[in-house]
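Presented below is the structure to which this report refers.
The values are calculated or read from the model by the stated rules, or taken from the named source; none is laboratory data. Predicted, not measured: the structure shown is a model, and the values here were computed from it. Every residue, glycine among them, receives a Cβ derived from its backbone with ideal geometry; neighbour counts consider all protein chains shown.
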Amino acid sequence: MNWTNEEINSVNSVLIPKGRQRQNPVELSQSPHGILPNGTADFRQFPLTRASGVIISNADFANSRSPENEYGVDQSIMLTWVKCERVLFDRARVFHRIDGRFDNCSFQRIGTDHCGFVGTFTDCDFTGTSFRNAHLVANFVRCRFHDCKMKVGSWGSSFENCEFVGASIDPLFADVRDIALSSDKVTFVVLTGKVHAGETRHIS
């Protein structure tokens, strides 16, 4: 999909605040590429680099990829203080930070680079994603981690009725692995390196 410079600048004028951090989040307007048959705004393959202080609803950012820098290396995607509802990020790459509130969002097979997951994720799907060196500091509620590579850097998060079917968890975190793979849906929290089965906490 071809995005013109004018279209990219128009979308980024909302995604990326100028100057200081916004005091109140703003809503992302409709896509210059219109609406898909399923009713979602079409942002597929958008050259996403950053979004901050923005509300995104019913949008498809599948296959978005951060542009390469002058050295030919992908820039990282940074989402901070965002609120997303029914947004698809499937196969988008490469995320370095995903921070905010996410409801009914899909992150299937996204690319990550030492990514920090911060905030609250409810009814989100991470199927097939690699969490290599990721740092989890979030609240996950009814999320799916099917077939994920969970070689994370840290697990300091709360998981409520989450699914890890087919996930591979590094032996370094055998205590987490034993609980995460003990049932189709599991609830536990990891605090100061200790795993508490059947408990949840609000991680902030």
ask   = Restricting attention to segment 153-173, does a residue exist that is in contact with a Gly (Cβ under 7 Å, 6 or more places away or on another chain) and more than 22 Å from residue 52 (Cα to Cα)?
value = no
Residue list for segment 144-163, filter: over 17 Å from residue 109 (Cα atoms) and either surrounded by 20 or more Cβ atoms within 10 Å (Cβ to Cβ) or in contact (Cβ under 8 Å) with a residue 40 or more places away in the chain (or both) = 155, 156, 157, 158, 159, 160, 162
ask   = Taking the condition within 20 Å of residue 65 (Cα to Cα) and in contact (Cβ under 8 Å) with a residue 40 or more places away in the chain, does residue 4 pass?
value = no
key: Among residues of segment 166-199, those that are surrounded by fewer than 17 Cβ atoms within 10 Å (Cβ to Cβ), touching a Phe, Trp or Tyr at 6+ places or on another chain (Cβ under 8 Å) and in a loop (DSSP other than H, G, I, E, B), counted   = 3
query = Would you pick out the residues in segment 135-165 that are of a type outside the set (A, V, I, L, M), on the phi < 0 side of the Ramachandran plot and not in a loop (DSSP other than H, G, I, E, B)?
reply = 135, 139, 140, 144, 149, 154, 158, 159, 160, 162, 163
Residues within segment 107-140 that are at pLDDT below 95 and among the basic types (Lys, Arg), tallied = 1
key: Test: residue in segment 24-31 that is under 16 Å from the mean Cα position of the chain (by Cα), farther than 14 Å from residue 100 by Cβ and of a type outside the set (D, E, K, R)   = no
key: Members of segment 10-21 that are farther than 18 Å from residue 62 by Cβ and surrounded by 10 or more Cβ atoms within 10 Å (Cβ to Cβ)   = 10, 12, 13, 14, 16, 17
request  = Give the residue, chosen from 59, 41, 92, that is of a type in the set (Gly, Ala, Ser), closer than 26 Å to residue 133 by Cα and modelled with pLDDT of 95 or more.
outcome  = 92
query = Can you name the number of the only condition in (1) more than 10 Å from the chain's Cα centre (by Cα); (2) of a type outside the set (Gly, Ala, Ser); (3) over 17 Å from residue 157 (Cβ atoms) that residue 133 fails?
reply = (3)
message = Restricting to segment 145-176, name every residue that is under 20 Å from residue 96 (Cα atoms) and of a type outside the set (Val, Ile, Thr).
response = 145, 148, 149, 150, 151, 153, 154, 155, 156, 157
ask   = List, please: which pairs have Cβ atoms under 7 Å, are six or more places apart or on different chains, and start with a residue in segment 164-190 that is touching a residue at least 24 places away in the same chain (Cβ under 8 Å) and end with one that is among the acidic types (Asp, Glu) and crowded, with 17+ Cβ neighbours inside 10 Å?
value = 185/163; 187/160
request  = Could you grab me the full set of residues in segment 181-190 that are farther than 16 Å from residue 153 by Cβ and not aromatic (Phe, Trp, Tyr)?
outcome  = 181, 182, 183, 184, 185, 186, 187, 189
task = Being modelled with pLDDT of 90 or more, within 19 Å of residue 78 (Cα to Cα) and assigned to a loop (DSSP other than H, G, I, E, B) is the filter; apply it to segment 1-21 and report the residue that is nearest to the chain's Cα centre (by Cα).
result = 16
